[in-house]
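K.L.:
Before I ask anything, let me first share the structure, which is written out below as structure tokens.
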Amino acid sequence: KGEGLSDVVCAVVRYSGGIKLGAGGLIRAYGGTARLALRVGPNKILIPTSSVRVVTSASNAGSVYQAIGKFGGSTSDEGYSDSGDLEATLTCESEFMEQLQNDIRDATKGKATFGEA
């Protein structure tokens, strides 16, 4: 918390022997070591993403690609069914998924269906 991080696991190992530090000394030693490791170690920001499977007419493909681009997302497992419908998995930041689906519904006049990816 003091380092501005969340969802972090940090393990400090102390081999037995040497000076007996007592409870307070151990807390200070472990806390200081952990703090130093967190300051100098690499940090990686993880942004939650969500995926959804979309099926729509091939004529709506441009609308789907435009919408996913608007939200900085990506497509995968793209293909066309025997009936000529576009099928693709869409992935974007979780906070934008509902708006992405709404935009695609609007752009396709409700002719897109969504399911689990």
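K.L.:
Of I47, A37, L100, whose Cα points farthest to the positive end of the dipole of the chain (charges on the beta-carbon: +1 Lys, Arg; -1 Asp, Glu; origin at the Cα centre)?
P.N.:
A37
K.L.:
Moving to a separate point now. For the chain, with every protein chain kept in place, what is the accessible area per residue (1.4 Å probe, Å²)?
P.N.:
72
K.L.:
Taking only Cα atoms and a 10 Å spring cutoff, compute GNM fluctuations for the chain and point out the largest among R35, R53, R14.
P.N.:
Looking only at R35, R53, R14, the largest GNM fluctuation is found for R14.
K.L.:
Placing +1 at every Lys and Arg Cβ and -1 at every Asp and Glu Cβ, with all other atoms neutral, what dipole size does the chain have around its Cα centre, in debye to the nearest 20?
P.N.:
In debye, rounded to 20, the chain gives about 1140.
K.L.:
For the chain, report the translational diffusion coefficient in µm²/s to the nearest whole number, using Stokes-Einstein at 37 °C, 0.692 mPa s, and a Kirkwood Rh over Cα pairs.
P.N.:
The calculation lands on 182 µm²/s.
K.L.:
Which whole-Hz ³J(HN,Hα) couplings does region 40-47 yield from phi under the Karplus relation 6.51 cos²θ - 1.76 cosθ + 1.60, θ = phi - 60°, glycine and proline marked x?
P.N.:
9, x, x, 10, 10, 8, 9, 10
K.L.:
Dipole of region 44-117 (Lys/Arg Cβ +1, Asp/Glu Cβ -1, origin at the Cα centre): which of F114, S83, V64 lies farthest to the positive side?
P.N.:
V64
K.L.:
Taking N as the number of residues in region 41-110, what value does Rg over Cα atoms divided by 2.2 N^0.38 Å take? Could the numbers behind the result be given before it?
P.N.:
On the way: Rg = 13.5 Å, N = 70, 2.2 N^0.38 = 11.1 Å.
Normalised by 2.2 N^0.38 Å, the Cα Rg of region 41-110 equals 1.22.
K.L.:
Looking at the chain as a GNM with Cα springs under 10 Å, which of V40, V64, V55 has the largest mean-square fluctuation?
P.N.:
It is V40.
K.L.:
Another question about this same structure. Sorting check: for 96-103, 75-82, 42-49, which peptide has the highest mean count of neighbouring beta carbons within 10 Å, and how do the rest follow?
P.N.:
Descending mean neighbour count gives 96-103, 75-82, 42-49.
The values are calculated or read from the model by the stated rules, or taken from the named source; none is laboratory data. Remember, predicted model here, so these are calculated numbers, not experimental data. Methodologically, a virtual Cβ is constructed for each residue, glycine included, from the backbone with ideal geometry; neighbour enumeration extends over all protein chains shown. SASA here: full protein model, heavy atoms, side chains in, ligands and nucleic acids out. Shrake-Rupley method; radii C 1.70, N 1.55, O 1.52, S 1.80 Å.
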